[in-house]
Structures are given as structure tokens and as C-alpha cells.
Amino acid sequence: MRRLLMMTAALVLAACEGGDGTRTFVLQHLEPDAALALLGPYMGEDVKVATTKEPPTLRVTAPGDRLVEIERVIEQYDRAAPDVQLRFQIIEADGFTEPDPAIADVQQALGELFRFSGYRLAAEVVAQVKAPGFVQQRAVAGEGQEYMIEAQVTRVIQSDAGHAVELGVSLTSPQGTILSTQLTVPSGQTVVVGSARARAGANTLILVVRPVMR
Amino acid sequence: MNCDEARRALLEADPAELRGTGTGALALHLRDCASCRADAERILEGTAALNTAIGQAAAARPAPGVPALRRRARAARTRLLVPLAAAAALAVLLLSGDVMDALRSGDDARPVMVQRPDALRTPSVNAAGGRGVAVMRTANPDITVVWTF
């Protein structure tokens, strides 16, 4: 209801000022500069924005429809940064005959797609990061093999349609980078990342990523 | 080359190898193994379907002055949101180097974003340039497999 009223108000303002409306957004969590950056794609000759740092505000003059879009963007991103819990599992493929109950669900999914002869959990870590943020976690496998997992959470997406986390993840060993990719993962879902570029003389490594927004 | 080796090689093979042409180990294996040949054909079909989808997305790209959300999408990084088959079905779509090139083709050479309405419900991958990526749904709706090659 409140949103509807605000949209209506913006449209009325637009009608009253020859097609352009002006609105002042008081930011609750975003810095004005950050909000301005978010609005980059909406800027144009017909959009004027002034900012104040104290209190943090954006004063936007724009055509009515553009103003509604800008309001939607601010509403979507001007929220407290949520905590994101990241659960990582490093899985070794090939050469394991016993099923590993710790990775039963992932093992079943991989079994549908690949013909590796078994999988086992090499290491598991859980990290907490506030979005946007970076986390680096060391993981040690059973044989003492060390790995480093890095995750850069670039942003979280919160909307009525759902929540998702945008992040870059990488898995490295002292010998170099094993996996690296950018993902957008809905909160609570699991992405299993692997590579066809095998490591010389070593088993294929698979990284399981599961972000959960708190 | 045995079937296990062939399955892995399929993920890195170029279209010609997938068709079984040439004298490479994979091509020779595909000519003799109906099972692996069927897998290769699925990959080729998936790539063709994806090429078509990307072509349609490129044709539907907005002209200047369209809503800002679309302009924002055009400015985004290369993002490969692979349209997937029905939820229960397993879909395997592979992006080869050719498809990556297709993504970059067009008048302004900007990446094309294929936006799905369920982007917040299904994982997606932002692939690095020059690399292929396969996004594979599994029978478990909460698990998606991403394979780079």
C-alpha cells in the first residue's frame, strides 16, 4: 500500500511539473554515493540528482516513469546488509568405492551426470560474510593437502521473487588455481562447480557452494 | 580411449570432434561407440539450441531509449543464463567457443544478457571470456552442477 501511494505521488508530481517530478529519498542504509552509482543506468539528460551526506539523501528530478523505476531501485537496495553464510565442500572424484554419507545428495546428483568412480569429501568449511564482503578460508584435506577458498560476495539480491547471492569463488592449492568462477545463487541452493581441465596426476576436484542469507 | 576418458574429453571437444570427424582419439572412439556418440549428439543439439536462443535474444535486444532496466542489463558483465528444460528433466547445455563468439557478436560487440524470469530461483554463471561452461540441472531441484572447460 505504501509503495502504491509513493508511486502514485511520484506520478502526480510528474504530471504537475510538465512531465518531470522531484522526489527526495532519505537513505536508511546506503551511502549517497553508493546509491548514485546504483542509479547509473537510469541517468540521462532528463534526470537530475543532488545528494546530501547529512542526512543522507538523494533528490531526484526525472520524468514520472523514470522516477518510479528509481524509487524501485532504491527500495530494493537501501536495506541493511545481510549476513551470508557460505558452506563449502571440496570433493575428490574418482577412485572411491564407498559412498560418503556427508555428501550423499551431491554424490547422487553427480552420479546422474558423470561416470567418475566414486566421490569423497576432502574438506569442508563454513564462512560468514556481510554483503558486500570478502572471505578467505584455509581448508586442509585428510592427507594434509592444503587448499584456500576465497569468496567475494559482490551483492545480495532481495526481492519479492526471492533472494540470491552474487559471488565470485575460487579454489586454489599451493600449486595454483584449481577452480574460479562467478555465480549467482539463490539463497539455500547448492551449486557444484567442477572443471574438465584435470590436474596432472591428481584426482578431479569439485567445489560445492551453498550460500544462505541470514 | 575408453568410455570414461571419452566422457571427459567430450566436455572439451570442438564440434568437429563431437561429430566424429578427424583422426583424434575421441573421434575414433565416437565412431565405434554408440553410447558416447549419443552423448556427443546431445551436446551438439544443446549447443545448437543455445545458439538459436542466443540469436533470438540478440535480435530482441532493445533499441536506445528503452526502459532503464534493460540498459542496465546490457551494461552488465557477460552473463550466461542458460534456459533450462522442464524442472524435472535433466538438461545439459554446453557453451562452446563458437557460442562465446556468438555472445560477443552484434553491432556494438557488447555482451548479451539472456535474462530469465526465474533468475532468483535458479543459479546462473557469469562465465569468463574464452571459456566454456555447462550448467546442468539435476533431479534434485536444489542442486545445480556447473562444469567449466
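The values are calculated or read from the model by the stated rules, or taken from the named source; none is laboratory data. On a predicted model such as this, the values are computed, not experimentally measured, just so you know. As a convention, Cβ positions derive from the backbone with ideal geometry for all residues, glycine included, and neighbour counts pool all protein chains shown. Heads up: the accessible areas ignore ligands, DNA and RNA and are worked out on the full protein's heavy atoms, side chains in. Shrake-Rupley method; radii C 1.70, N 1.55, O 1.52, S 1.80 Å.
Within the full protein context, the accessible area of B:HIS29 is estimated at about 30 Å² for a probe radius of 1.4 Å. A crude spin-label estimate for the pair A:GLN152 and B:ASP32, with each label 7 Å from Cα along the Cβ direction, gives 4.7 nm. Applying Stokes-Einstein at 4 °C and 1.567 mPa s to the Kirkwood radius of the range A:107-214, computed over alpha-carbon pairs, gives a translational diffusion coefficient of 86 µm² s⁻¹. Based on DSSP H segments of at least four residues, each scored -39500 (n - 2.57), chain A has a per-residue ellipticity at 222 nm of -6500 deg cm²/dmol. Of the complete DSSP H runs in chain A, those spanning 15 angstrom or more by Cα along the long axis with a mean Kyte-Doolittle score not below -1.0 are A:2-16, A:64-77.
With Cβ to Cβ distances under 12 Å as the rule, what net charge do the other residues near B:CYS3 carry (K, R +1; D, E -1)?
Around B:CYS3, the charge tally is 0.
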